[in-house]
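The values are calculated or read from the model by the stated rules, or taken from the named source; none is laboratory data. Just so it is clear, the model here is predicted, and its values are computed rather than measured. Positions of Cβ are generated from backbone atoms using ideal geometry, with glycine treated the same way; all protein chains shown enter the neighbour counts.
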Amino acid sequence: MDYIPHTQDEIKKMLEVAGASSVDELFSEIDKSFFSDSFLLPEGKSELEVFEIFKNLAAKNNTSLVNLSGAGFYDHYVPAVVDKLASRSEFYTPYTPYQPECSQGTLQAIYEYQTLICRLTGMDISNASLYDGGTALAEAIIMALRITGRQKVIIDSAVNPIYRDIVETYLDSRLYQVINVDCPNYQTDKDKILSLLDSQTAAVVLQNPNFFGRIDDYSDLIEDIHKAGSLAVISVYPVSLGLVKPPALMGADIVSGEAQCLGNRLNFGGPFLGFIATREKYMRQLPGRIAGATKDSEGRRGFVLTLQAREQHIRRHKATSNICTNQNLCALRALIYLVSLGKFGFQELAKTNYFKAQFLRQSLSEIDKIKIDSDYPIFNEFVIELASGKKIYQTALERGFIAGVPLAKFYPEMTNKFLLCATEKLSREVILRFKDTLKGILEKKHEVNIRTI
């Protein structure tokens, strides 16, 4: 089909509605530095030339580095069965099917994925997935605002700062008040949160384990949240749910998280897989797709998309969200991953991750210049503080180790602090080699002190 541009009369009418005298005025809010000087494109290249360009770019990537970074995005092992089954042609689609009569396999896969998310979190109902953990948390908060009819949200600063930025973008309106509560010693300030609770508080947002890897039990806090008529929203790391107390048993009303760690690789930043689950009484407020089980006219079991009045494309005035798709292929991979591990295999995975981090922390404690505060439990991650941290970090990188995530990027006051992570992919030998590498760097820089927190 040929592209048919707007006529001058149509442009004039649209500008009148927008209250602008010209197209330039309409886009005047955009900084001029973002405008292109020219749309002239370079000459086309052959397939061979393009392949060489990408091959040379790929060669610049260092894939031999040992990764000790996490901060919400984790390097877990993906069993071969996940790639093998997820790439089959009858499954390989990123989109939710509309026609149940020809999509029973995909719909059942979504239904089973929802079931496993409910089993992990302990909640009653899950949707078919969302874009990523950050948007899932934002949708969970909007859910709470809609359910309660209130305007204030209290967020623990130990919630992933990337997620909090996404939430603030979603709620960028004078109608809502978002309060971030500081987390002394990387722990939720429960007393401060309780002091801020009032009749306008729609939700309190928590994370477990929190961004710093600290594990907590929010049962008592959530009980007080409910007494104030507010909802408890918890962001969780699904692998930890094989070991730590599930959010449902703490009394959570809405649970969200990032399921990239379930059979999906980091892939230089995506695609990721957000999940959200809630209590049955709130299921009509749940955004996104939901696959349900039903029976056909002959009494045979089948699967369909259900409760679609919530969707943006049907009865828009009653839509709960503008989300009208899901990360179907990533959700399929998560399903295959969970089924391949099974209940006991998943529990073993969680224990392995827990003890790997403990072993890493214990190993670092054997270096004289390292002081460790081990008064609280962690899962996967913990914080270290390095004097001359940037230099130490860079030296470790040159020696083959990504020594965690620099926290000053997210918390400016945390200068020279880094978040270290250990997953099942980090062997005992590699951890000891990292310990020796770090010790060697420190011994050559006597003015540098390292303290693990």
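Things worth noting here:
- Number of positions in region 62-78 that are in a loop (DSSP other than H, G, I, E, B) and farther than 20 Å from PHE272 by Cβ: 5
- In region 280-301, residue farthest from PRO246 (Cα to Cα) [restricted to those that are surrounded by fewer than 16 Cβ atoms within 10 Å (Cβ to Cβ) and touching a residue at least 12 places away in the same chain (Cβ under 8 Å)]: THR294
- Filter pass, GLN312 being out of contact with any Lys or Arg (no Cβ under 9 Å at 6 or more places or on another chain), at pLDDT below 95 and assigned to a loop (DSSP other than H, G, I, E, B): yes
- Residues of region 412-426 that turn out to be buried (at least 18 other Cβ atoms within 10 Å of the Cβ), assigned to a loop (DSSP other than H, G, I, E, B) and without any contact (Cβ under 8 Å) to a residue 40 or more places away in the chain, as a count: 2
- Evaluated against (1) surrounded by fewer than 19 Cβ atoms within 10 Å (Cβ to Cβ); (2) part of a strand (DSSP E or B), SER195 falls short on exactly one condition, (2).
- Residues of region 226-239 that are touching a helix residue (DSSP H, G or I) at 6+ places or on another chain (Cβ under 8 Å) and either free of Cβ contacts under 8 Å to residues at least 24 places away in the same chain or under 15 Å from THR188 (Cα atoms) (or both): ALA232, VAL233, ILE234, SER235, VAL236.
Listed here are the residues, each with its yes/no results for (1) surrounded by fewer than 12 Cβ atoms within 10 Å (Cβ to Cβ); (2) charged (D, E, K, R).
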| site | (1), (2) |
| --- | --- |
| GLU10 | yes, yes |
| GLU49 | yes, yes |
| SER64 | yes, no |
| VAL78 | no, no |
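- Boolean, ASN180 is in a strand (DSSP E or B) and under 27 Å from LEU407 (Cβ atoms): yes
- Qualifying residue in region 121-132 (condition: within 25 Å of LYS245 (Cβ to Cβ), more than 16 Å from the chain's Cα centre (by Cα), buried (at least 18 other Cβ atoms within 10 Å of the Cβ) and not hydroxyl-bearing (Ser, Thr, Tyr)): yes
- Within region 18-37, considering residues that are among the polar types (S, T, N, Q) and under 24 Å from GLN8 (Cβ atoms), the one modelled with the lowest pLDDT: SER36
- Note on region 110-144: residues that are in a helix (DSSP H, G or I) and either within 29 Å of ILE162 (Cβ to Cβ) or not assigned by TED's automatic domain parsing to the domain that holds GLY263 (or both) amount to 22.
- First in region 168-192 and free of Cβ contacts under 8 Å to residues at least 24 places away in the same chain, second anywhere and surrounded by 16 or more Cβ atoms within 10 Å (Cβ to Cβ), Cβ under 7 Å, 6 or more apart: GLU168/VAL178; LYS192/VAL181
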